[in-house]
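Colleague: Can you keep this structure in mind? I'll have questions shortly.
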Amino acid sequence: QVQLVESGGGLVQAGGSLRLSCAASGIIFRSRNMAWYRQVPGKQRELVAAITAGGTTNYADIVKGRFTISRDNAKNTVYLQMNSLKPEDTAVYYCNANAFATPPIWGQGTQVTVSS
């Protein structure tokens, strides 16, 4: 069964940190590009960070220098380390797995709430 399961979300004060995890099953994880998106009510889902199968990373400008995406192919898991969190980082964060000519896979999402 193909599945992405996010964890690590929660409530944190501004300036704090959280680490999100996304465990994959049912796919050849090492061949997938992985990404984190986020969405707030009434807005489109936006890309936060991405990491290719080869380990190249890319970040949205608004999180550069604060967030770090990484992957552990041995554990079929991708992480998002979020530091210096701001109230505007509050959103549901989704894990995404994608590859050329393959439908993208989404997790169920994990809520991150940053209080001021």
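Colleague: When the convex hull of the Cα atoms of the chain is projected onto a plane and the area is averaged over all directions, what value comes out in nm²?
Modeller: Mean shadow area of the hull around the Cα atoms is 7.0 nm².
Colleague: Follow-up. For the range 96-112, what does the Karplus curve 6.51 cos²θ - 1.76 cosθ + 1.60, with θ = phi - 60°, yield as ³J(HN,Hα) per residue in whole Hz, taken in order and with x for Gly and Pro?
Modeller: 9, 10, 9, 7, 4, 6, 10, x, x, 10, 10, x, 7, x, 9, 7, 10
Colleague: Counting pairs of alpha carbon atoms under 8 Å apart in space and at least six apart in sequence, what relative contact order in percent does the chain give?
Modeller: Once divided by the residue count of the chain, the mean separation gives 36 percent.
Colleague: Ok, one more. Roughly how many Å² is the accessible area per residue of the chain, as a whole number, for a 1.4 Å probe?
Modeller: For the chain, the solvent-accessible area averages 53 Å² per residue.
Colleague: Still on this structure, please answer the following. Can you sort LEU18, LEU11 by 1.4 Å-probe accessible area, starting with the largest?
Modeller: Listed by decreasing accessible area, they come as LEU11, LEU18.
Colleague: Of all accessible surface on the chain at a 1.4 Å probe, what whole percent is carbon and sulfur?
Modeller: Heavy-atom surface of the chain belonging to carbon and sulfur, 1.4 Å probe: 50 percent.
Colleague: Return the FRET efficiency for the residue pair LYS75, ALA99: r is the Cβ-Cβ distance, R0 is 22 Å, and the value is rounded to the nearest 0.05.
Modeller: In this case the efficiency is close to 0.70.
Colleague: Could you go through the range 22-31 in sequence order and give the Karplus-derived ³J(HN,Hα) for each residue, using 6.51 cos²θ - 1.76 cosθ + 1.60 with θ = phi - 60°, rounded to whole Hz, and x for Gly and Pro?
Modeller: Listing the rounded values in order: 9, 9, 9, 9, x, 9, 7, 4, 5, 8 Hz.
The values are calculated or read from the model by the stated rules, or taken from the named source; none is laboratory data. Since the model is a prediction, treat every value here as computed from it, not as a measurement. FYI the Cβ positions are ideal-geometry reconstructions off the backbone, even for glycines, and counts take in every protein chain you see. These area figures cover heavy atoms from the full protein model, side chains too; ligands, DNA and RNA do not enter into them. Shrake-Rupley method; radii C 1.70, N 1.55, O 1.52, S 1.80 Å.
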